[in-house]
Amino acid sequence: MTRLARTMRIVALAALLGTGTVTTAPAGDAARQYFPLPTFRVGAYASSGIPVWAGTIDYLRYINEVEGGINGVKLFWDECETEWAVEKGVECYERVKGGRDGSPVPLFLPHGDPVSKALTEKSVADKIPLVTTGYGRTEAIDGRVFPYSFTVLFSFWSEASSAINYIAEQVGGKDKLKGLKIATVYHDSPYGKETQIPLDLLAKTYGFENIQIAVPHPGNDQSAQWARIRQIKPDWVFLRGWGVMTPVAIKTAAKTGFPVDHIIGGIWSGSEEDVRPAGSVGKGYRAITPFPAGQDFEILKKIKAAIVDKGLSDLKDPKSFGSVYYNSGVIEAIIAVEAIRTAQGRFGRKPIDGAQGQWGLEHLVLDEPRLKALGAEGLVQPLRLSVKDHEGGGAGKVLQWDGTQWAAVSHGWVKSDRDLLLPRIYERAAAYAREKGITPRSEETAEAIAK
């Protein structure tokens, strides 16, 4: 193939897959690892997506530029614009699942709870792991039933449990939860309702009053909900919003006299984009997240020196460097790269396919020594995945907004009550298996298939 023909092929594929082809591999070069990126840089949620993908791409560039790839296997990627829409997300997956230029797809980042659920069965048929960090189907923690769905880091059930455990720390222990009123103000959608079952379980276990208050999408007017809050006088509010709902909630809470420092936002109510629109009344607001903000993590310093300062960054707004969303992109990329590296340890230093990527994820260990070696200590929680545990972590940090930036206020990672939650999660996974006619894998079966 001539150089001109090769260039035209790249341009044509970029047009097919969407905006922003970032780096390319020569046609037929299977010595590189393909890494498709379904992004949302346009549409209603672009302000969230842009820094996320900048963090992901900057880390992938760091791996290529500084480390020479993963064990010498360089990464290449392209973007497929989804606008965070289910139909476009599924369409993107179908376009890229076959790989590119002879290089297979090791895993797929859906970056949307509805998209991830729409792809659950397709990913099994195609043997392509779906990696969902801080979102996704909670039952997919059970990899015996959901072999290709990985709810890595922090499920919504863990989010709820960790938030309650943080409140327990603030009031003097879990025994002091008894008699408290804890209200959950949630986005009235399947995502928003995801924590109702674990909160009911936790309320029965610890004796607090569990109050649920729905906010219709998009949440532009919450006067009725916060009037009810003023009436029932809860001790704490757990806010599970998305998009405009979060700053409106903060402003309305302040207007009705509820103390903002007794609101704890969930994962998707805990970014700079959530609090800045609330203005000065947002000071003191807290959120629990697996994506701590800040630029002082060692790997962030390395990315800044090797990528950002050299003009190689995908980030257009320098103020977003080290933000919650930017760091979430870095964290996702770290998990993906380390899963590929783990798979290479079993299958050889070569491009990894989806089945091999699954094995890498199910054997992924990011313990303290490994995180320190990566420069990700404090940025990424320790993880140990397995066939029975596709989450591997289950902890978050609580951040507090000081008016200009986030500061960590929890004592390290706040762990969830996984011993309490996992049996119920496994029950739900087993019910799904019965409904779908799925025979759950055993760990021995998974190993035999991998061989």
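The values are calculated or read from the model by the stated rules, or taken from the named source; none is laboratory data. Since we're looking at a predicted model, the values are computed, not measured. Note: ideal-geometry Cβ built from the backbone for every residue, glycine included; neighbour counts use all protein chains shown. The accessibility values were calculated without ligands, DNA or RNA, using every heavy atom of the protein model including side chains. Shrake-Rupley method; radii C 1.70, N 1.55, O 1.52, S 1.80 Å.
Key figures for this structure:
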| quantity | calculated |
| --- | --- |
| All lysines inside 22 Å of Lys176 as judged from Cα atoms, apart from same-chain residues fewer than 8 positions distant | Lys204, Lys233, Lys397, Lys415 |
| Antiparallel bridge percentage (DSSP; both residues within the chain; nearest 5) | 35 |
| Reach of Lys436 by Cα under 27 Å, taken over lysines that are not fewer than 8 positions away in the same chain | Lys88, Lys97, Lys117, Lys122, Lys127, Lys193, Lys388, Lys451 |
| Accessible area of the chain divided out per residue, in Å², using a probe of 1.4 angstrom | 39 |
| Computed P(r) (all Cα pairs; the chain; 10 Å bins; percent) | 4, 21, 32, 26, 13, 3, 1, 0 |
| Relative contact order, percent, the stretch 195-352 [alpha-carbon distance under 8 Å, six or more residues apart] | 16 |
| Packing rank of 369-380, 351-362, 287-298, 41-52, where each peptide gets the mean count of other beta carbons within 10 Å, highest leading | 351-362, 287-298, 41-52, 369-380 |
| Euclidean distance of C-alpha centroids, the stretch 217-243 and the stretch 163-187, integer Å | 17 |
| Pairs of lysine residues in the stretch 264-359 - Cα separation under 27 Å, sequence separation of 8 or more or cross-chain | 12 |
| Amide N proximity, the stretch 383-416 versus Ser280 label position 7 Å along Cα-to-Cβ, cut-off under 20 Å | 401-406 |
| Angle between the chain longest axis and helix 418-436 axis [Cα atoms, degrees, rounded to 10] | 60 |
| Contact order normalised by residue count of the chain, Cα under 8 Å, 6+ apart, percent | 20 |
| Residues listed by number, the stretch 259-281, amide nitrogen under 20 Å from Lys319 label point at 7 Å toward C-beta | 269-281 |
